[in-house]
Amino acid sequence: MKEYKGGAVSYPGITGIPPVAGDTSGWPDIPLQPGLTIIGRSPSCAVCFAHNSVSRRHAQLEFDGRQLVVKDLDSRGGTFVNGNRISVYAMRPGDFLRIGASPPYQWIGGMLHAMPEAVGMGLRLRDVGVIRGGRPLLIHANAMIEPGRFVGLLGPSGAGKSLLLGCLSSALIPSTGSLCFDGGCDVREHAEYYRSRIGVVTQDDLVYDELTVTENLRLAAVIRLPAFSGSERKHRVQDAIEKVGLAEHARKRTVVLSGGQRKRLSVGVELLSHPRLLLLDEPTSGLDPGMQARVMETLRQLSRQGMTVVCSTHTMDTLNFFDTVIVLGLIERCATIVYNRTPRHLLTAFNVANPADLFERLAKLPGAHVPGESMSRTAPQGELDVPRNPASAPRWATLRTTQANRRSHPLGQAAVVWWRAILGLWRDKGSLLFALLQPPILAVLIAFSQPANAPSSYAHFFAVMAALWLGMTVTVREIVRERKLYARDRLAGLRPTAYLAGKMFYALCVTAVQTLLLYSGIRLFAVSWINTLSARTIHDVPPILGYGLLTAVGFGGCLLGFILSTLSKTERAAVALLPLVLLPQVVLSRVTYGDGDKPWGFPSPYSPIAFMARSYEKSYQPSRAQLERYRRVAPSSQTFVRSTAPAPGNRHKRSRLLLSIGSLPMLTRPGTAALDMLATSKISARRFQWIVWEDVYLVALLVVYGIALYGFFRRRERAWLNTRG
């Protein structure tokens, strides 16, 4: 086979520029073997890539010694040859192959070599427009962003800076026009690859307040760099800390950092994956002039190292930091790009003397205004003080992984989510103290409130309600307050199942501790204050079984809290919905209905689930033994005695059936039943069967709640990610 040789290497989107220090860590060279070679994320594949853009079985290589045929196996991220997505393609020596978001692989000799990519990413906008509700918001946006430049987006309020940034980040697909990168690759067709090569820093500081600077970066690195070893991640974290100038604050908790330091930390999180394009939405908003200058200088230094940096701003004070500025104006309330050059000639281009006049003019451009050629072209090379060729810029350090095929296991991601939550609770002393003090207080109230002759079902019902309350309060704000943080990590490779698994395990750990304090307190104070029938029956329940049942109910409350947190738009709304979810658990319960002091065999909507339908049979009559037992348990009530014929409930069968159906999704039904049925020293075979069925019923409810949570979460995350197309 003739070896491909050439001077300047050409690969998708980059022509005539030799590759410079990009990052091919985790993407090993692929030797060509005769026969079929399967490439994918699954360990069973001959070539395994631990990257989320690669499907489990992604592509197939067929090599006969001379010809190489590439076939895409219906992959999600796509297979590309020379920048074009293919289904089946016969490659030639020198062609470039890309698997999902992999670097370009060039066929040279008997090997597919992973080629480093140019650090900076070039962008071109051609007639980009955004239309919402039939109304154009951005029209005819044309601009060229060269690699390795520090570019500013300037314009008055409402001029479309956020819209344009949304298009550049691929979070918003333009209604008209096209956005291409690296010379001609359309973002629509290469979305997975494009998103894996950019970093986005929003106006909000997306960092975890209770974690230190190093912990924020270290845990983010586990999600963003799954194929890296621990030492390689540590090197990346240290490199990011130094680049954003936070070395002396590395061990400080994020909550004590200043606004500028938090912003630089947000930038550092994005730098972990060495993006080629960094997008920032008004990073200096709310900062004092000195802090603004430090943040802008940090970003300018990143661009000098070859990265393309695009930053929106609403102030002219930082204009001198930019190499190029893109100015947006309003023409009949529609935003468009009216200037794309060096900021040196900005005021003279619009015939204004000061920034105030400039913003006033940009807010009300005449309808016939068309940007002149001198205002919309890019600046000549002589006007800029930075090198045009990215190869001449300082290079990123390249790290070669020693185990390139290491898997990105969801358990590792779940562990990160769990540890973040545990650290956040442990270091928030107020929340931790509240979580530990609630259970003993509730235990005292439950034990103290029970009269001497109260049935055990009352105390058990209140214990179940307390466990539900504790579980819901642990999780009701957990997802809604991390929604933007989740969206950031999700785009970086976090799996939804891993996120939910980590959160649920965290909730289970906290609930297990709270339930232990609650149930131990009830049993302790029941002896001290209720040395009667109620106390004895409470202590008849085996402590391990009682604790396990209450923990399961508390975990059900956690799932309900997660569902509320997923569906709510704000933390306040989630907390406000708590009573609406908790009250049905109270109202549709055996105790509230009036059956709390009746035997469990009594026919009612809350009969044991093992023979619930029997209570609605027309021929069902309570036995004489049941009548006698009820007289002994509740001699003051004559309701049951007077209704020996016909059977109780026949008169109001429909309402009882509706009540029974309505109570089926309530955790208080199996929770109270299984707990109270254990409150006897001798359990008959029949009652043991009831207990088993109630336990199965409780587990089934938890599974249903978990499935509902997953469905709601996956549906809502589409809106959080704000992706279309």
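What follows draws every value from the coordinates through simple rules; no lab data is involved. Just so we're clear, the structure is a prediction, and the values are computed from it rather than from any experiment. Methodologically, a virtual Cβ is constructed for each residue, glycine included, from the backbone with ideal geometry; neighbour enumeration extends over all protein chains shown.
Could you work out the local net charge near ARG57, counting Lys and Arg as +1, Asp and Glu as -1, over the other residues with Cβ closer than 10 Å to its Cβ? Please report the intermediate quantities before stating the final value.
Details: positive: ARG41, ARG56; negative: ASP74.
With Lys, Arg at +1 and Asp, Glu at -1, the neighbours total +1.
Using the structure shown, list the pairs from LYS243/LYS484; LYS243/LYS429; LYS364/LYS569 with a Cα-Cα distance above 27 Å, or answer none. Could the numbers behind the result be given before it?
On the way: LYS243/LYS484 24 Å; LYS243/LYS429 32 Å; LYS364/LYS569 35 Å.
Those over the limit are LYS243/LYS429; LYS364/LYS569.
Would you mind calculating the gained length between ALA685 and CYS509 on full extension (0.36 nm times residue separation, minus the Cα-Cα distance), in nm to one decimal? List each step's numbers first, then the result.
Numbers: separation 176, 0.36 × 176 = 63.36 nm, distance 3.40 nm.
Contour length minus the Cα-Cα distance gives 60.0 nm.
Just to check I understand the Karplus step: with θ = phi - 60° and J = 6.51 cos²θ - 1.76 cosθ + 1.60, what whole-Hz values come out for segment 482-498, glycine and proline as x?
Calculated HN-Hα couplings, in order: 10, 4, 6, 5, 5, 4, 5, 6, 5, 5, 8, x, 5, 8, x, 5, 5 Hz.
Quick check on packing: order 132-139, 545-552, 188-195 by the mean number of other C-beta atoms within 10 Å, highest mean leading. Don't skip to the end; give the middle numbers.
Working: 132-139: 13.6, 545-552: 21.2, 188-195: 19.8.
The peptides rank, most packed first, as 545-552, 188-195, 132-139.
In the calculated pair distance distribution of segment 213-298, what percentage of Cα-Cα distances lie above 17 Å? Mind showing how you got there, number by number?
On the way: 1684 of 3655 pairs.
Of all Cα-Cα pairs in segment 213-298, 46 percent lie more than 17 Å apart.
How would you classify segment 59-137 from its alpha-carbon gyration tensor, with a ≥ b ≥ c the square roots of the eigenvalues: rounded for a/c under 1.5, else prolate if a/b is greater than b/c, otherwise oblate? Show your work: numbers first, answer last.
Working: a/c = 3.38, a/b = 2.02, b/c = 1.67.
Prolate, because a/c is 1.5 or more and a/b exceeds b/c.
Would you please classify the overall shape of segment 154-305 from the alpha carbon gyration tensor, given that a ≥ b ≥ c denote the square roots of the eigenvalues, rounded means a/c under 1.5, and beyond that prolate means a/b larger than b/c while oblate covers the rest? Before the final figure, lay out the partial values.
Working: a/c = 2.11, a/b = 1.29, b/c = 1.63.
Oblate is the answer for segment 154-305, as a/c is 1.5 or above yet b/c matches or exceeds a/b.
Please report, to one decimal in angstroms, the Kirkwood hydrodynamic radius of segment 429-480 built from all distinct Cα-Cα pairs. Display every interim value, and only then the final one.
On the way: mean 1/r = 0.0812 Å⁻¹.
Final number for the Kirkwood radius of segment 429-480 is 12.3 Å.
In sequence order, what are the phi-derived ³J(HN,Hα) couplings for segment 696-713 according to the Karplus relation 6.51 cos²θ - 1.76 cosθ + 1.60 with θ = phi - 60°, rounded to whole Hz, with x for glycine and proline?
With coefficients 6.51, -1.76 and 1.60, one gets 4, 4, 5, 4, 4, 4, 4, 5, 4, 4, x, 5, 4, 4, 4, x, 5, 5 Hz.
Restricting things to alpha carbons, tell me how big segment 414-518 is in terms of Rg and Dmax, in Å.
16.9, 60
Can you list residues from other chains, or at least 5 along the same chain, whose modelled amide H is less than 5 Å from the amide H of LEU137?
VAL130, ILE131, ARG132
Quick check: residue separation of ASP64 and SER431 times 0.36 nm, minus the Cα distance between them. What number comes out in nm? Can you show the working numbers first?
Values: separation 367, 0.36 × 367 = 132.12 nm, distance 6.48 nm.
Gain on stretching ASP64 to SER431: 125.6 nm.
Taking the Cα atoms of segment 54-194 alone, what are Rg (to one decimal) and Dmax (as a whole number) in Å?
18.3, 61
Let's test the formula: R0 of 56 Å, r as the Cβ-Cβ distance of ILE661 and ALA363. What FRET efficiency results, to the nearest 0.05? The partial results should precede the final answer.
Details: r = 60 Å, r/R0 = 1.08.
Approximately 0.40, to the nearest 0.05.
So if each residue of separation counts as 0.36 nm, and I subtract the Cα-Cα distance between LEU347 and TRP720, what length gain in nm does that give?
On the way: separation 373, 0.36 × 373 = 134.28 nm, distance 3.89 nm.
In short, 130.4 nm is gained.
Among rounded, prolate and oblate, which fits segment 189-236 when a ≥ b ≥ c are the square roots of the eigenvalues of its C-alpha gyration tensor, a/c under 1.5 means rounded, and a/b larger than b/c means prolate? Before the final figure, lay out each step's value.
On the way: a/c = 3.19, a/b = 1.21, b/c = 2.65.
Judged from the Cα gyration tensor, segment 189-236 comes out oblate (a/c at least 1.5, b/c at or above a/b).
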